[in-house]
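*Asks:* Before I ask anything, let me first share the structure, which is written out below as structure tokens.
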Amino acid sequence: MADSTATAAKAAEARAAEATAAATKDTRRPVRFRGGGFVPQSRRWIGLAVFIILLLATEAGTRSGFISNLTLPRPSDVLATFVELFQSGLLWKHLLPSVSRLIVGALLGATVGIGVGIMIGLFSLVRAGLVPLVAAIFPIPKIALLPLFVIWFGIDEGSKYALIAFGTFTPTVVATYGAVDNVDRTLIRMGQSFSLTWFSIVRKIVLPGAMPGILSGLRVSLAIAIILLVAAEMLGAEYGIGAYILEAGALYDLERLFVGVTILSILGICVSAALTQIEKHLLRWRV
Amino acid sequence: MDLQLENIGHSYDGLTVLQDISLNIPTGKIVCVVGPSGCGKSTLLRLIGGLEQPTSGQVLQLGSPPAHSINPLTYVFQDFALLPWRTVEGNISLVLEDHHLNASDIKTIIDDVLARTKLSDFRVALPRQLSGGMKQRVAIARALAVNPAVMLMDEPLSALDSQTRELLMDDLIGLWIREKFTAVYVTHNLNEAVRLGHSIVILSRRPGQIREVVDIDLPLDQRRPGDPELESKQQHLWQMMRDEAEAADKELISG
Ligand SMILES: Nc1ncnc2c1ncn2[C@@H]1O[C@H](COP(=O)(O)OP(=O)(O)O)[C@@H](O)[C@H]1O
Ligand SMILES: [Mg+2]
């Protein structure tokens, strides 16, 4: 009796085991992957490939007549014009004054902007006084003030420096005080708890902590600086990329217009690459 | 240097956080403060270290700190508070740089504290390369570097997993045996309290008041996990904390 129940139980167990084995056999499959994505990954050559494909498409379109010569210049013609500009030596004559205006103006604007931004971040009095002022001048198209700058700083380089500096200044201020506000307060509290001097806390904790925000603000500010550089040069300069573009535009010389625009793009890429290098150096500590 | 708290009370815009706390912190002892979360433990520690001023009462220093103490009241924070852009060594030298020490003195101090916290091999590592336990070791090394008269530790092991916590507790006991530092050690973990505390202060839920002070006479180096005396003390603490914690848990956050 006891024996037969034991065998029955054993048989039932065996059947159950078989059933689960069968079930596992049909339905055994890997868990569906649904993670991944949402993480920027470095794909070096894609950007370049997009550029090249667009250029080749334009070249093919203009050659086949699908795109008329009045709509877009042929990329190969633009390249030829560029080579001509380079060989005539005029490239440097236009590029050097532009680059030096950009450097002087942007350096001035960014330095003062970072300084003022840090003051706003650190002192409530400065914040109360300057934040409304910055908010008021931020939306003014700085180019509208060029005549004023000409009166103040002269028709030559002075007004151009001032325009670029002024345009770089406002976004830099806003980015800088935002970055200072975002510095981890527990780190500042830590500095105070070790009786660091006020100046040490600013130099060793606040500034490095704000650096990522300041640098990403500079990306925007410097792009604005390039835009203003061209605007200033269009309104009165013998040499400069802006003057070159203006002249080409007046003559409807699309090849030269595109050469000028391309130089500006390259200038922008160079500035951005320089900032990336600076970030790599200054922000090594980040992951 | 002893510390004495006299009738400390504190409130934030009408919200009373601490009430009538009087307490003695004797030299060379570790005083643990336990209490339900939100009862004002961190606030009490900030008041003791002079990062905030009490609404009423005062914190007194009895006697002057030893001459070689660079920063008499020194914190160890729960979230480590290490500068991510400085190496282990740089984080320690940060707190020495403002004190007119010459470079070789700074180096001697750093060598010493790194050796004491078993970090000598990690001098040039950045915080992000370190595990939580290592980061807290760096923070402890940084605190030791300034020769504190009193260490103010705010849940220093709460961010760590239990194995790391056990290891660091042994390290802390080792450090204390070598050089009997004074500490106020805030925690919500009763096991830490009975392992490290010479006396344990139990705070009630907010507004935090002292409910009881439990002394443990067993020397630190003889406290083993599972020791019956410690177990019974921990049980006693838990009985008292339980009701407070339960009531505190049911309170609305806005209070
Ligand atoms: N700076 C502050 N301003 C206003 N309220 C605060 C501030 N710091 C802490 N509190 C309040 O005081 C109470 C006690 O906080 P805390 O000391 O951090 O508690 P614990 O460390 O014991 O968890 C909490 O209710 C918290 O919301
Ligand atoms: Mg706390």
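Coordinate-derived values only; no laboratory data. The shown structure was predicted, so the numbers you read here are calculated from the model rather than taken from an experiment.
*Asks:* Given the range B:83-198 reduced to its alpha-carbon atoms as identical point scatterers, what log10 I(q)/I(0) does the Debye formula return at q = 0.23 Å⁻¹?
*Replies:* Debye curve over Cα of the range B:83-198, log10 I(q)/I(0) at q = 0.23 Å⁻¹: -1.44.
*Asks:* Given q = 0.08, 0.11 Å⁻¹, what are the Debye log10 I(q)/I(0) values for chain B, with equal point scatterers placed on the Cα positions and solvent ignored?
*Replies:* Reported log10 I(q)/I(0), two decimals: -0.32, -0.60.
*Asks:* Turning to a different aspect of this structure: Calculated from DSSP H runs of 4 or more alone, at -39500 (n - 2.57) each and per residue, what is the 222 nm mean residue ellipticity of chain B, nearest 500?
*Replies:* -11000 deg cm²/dmol
*Asks:* Determine the relative contact order of chain B: mean sequence separation of Cα pairs under 8 Å and six or more apart, normalised by residue count, in whole percent.
*Replies:* Across chain B, relative contact order equals 28 percent.
*Asks:* Follow-up question, since we're still on this one. List the residue ranges in chain A for DSSP H helices whose C-alpha atoms run 27 angstrom or more along the long axis and whose Kyte-Doolittle average is 0.5 or above.
*Replies:* A:44-64, A:90-122, A:157-181, A:207-234, A:254-282
*Asks:* Taking the 0 to 90 degree range and rounding to the nearest ten, how far is the long axis of helix B:132-145 tilted relative to the main principal axis of chain B, both from C-alpha atoms?
*Replies:* Tilt of helix B:132-145: around 80 degrees.
*Asks:* Using Cα-only point scatterers and the Debye equation, what is log10 of I(q)/I(0) for the range A:77-201 at each q in 0.09, 0.10, 0.15 Å⁻¹, rounded to two decimals?
*Replies:* Each listed q corresponds, in turn, to -0.43, -0.50, -0.82.
*Asks:* Quick one: give the max-minus-min coordinate of the C-alpha atoms of the range A:73-282 along each principal axis, largest first, in Å.
*Replies:* Principal-axis extents of the Cα atoms in the range A:73-282, largest first: 66, 39, 23 Å.
*Asks:* Ignoring everything except DSSP H segments at least 4 long, calculate the 222 nm mean residue ellipticity for chain A; use -39,500 (n - 2.57) per segment, divide by total residues, nearest 500.
*Replies:* -26000 deg cm²/dmol
*Asks:* Follow-up question, since we're still on this one. Using alpha carbons only, how many angstrom separate the centre of the range B:53-78 from the centre of the range A:202-233?
*Replies:* So the separation of the two Cα centres works out to 42 Å.
*Asks:* Here's something else I'd like to know. Give the separation of the Cα centroids, the range B:161-234 to the range A:117-140, in Å.
*Replies:* Computed from Cα coordinates, the inter-centre distance equals 50 Å.
*Asks:* Could you work out the Kirkwood radius for the protein assembly as shown, taking every pair of different alpha carbons, averaging 1/r and inverting it, reported in Å?
*Replies:* So the Kirkwood estimate lands at 29.5 Å.
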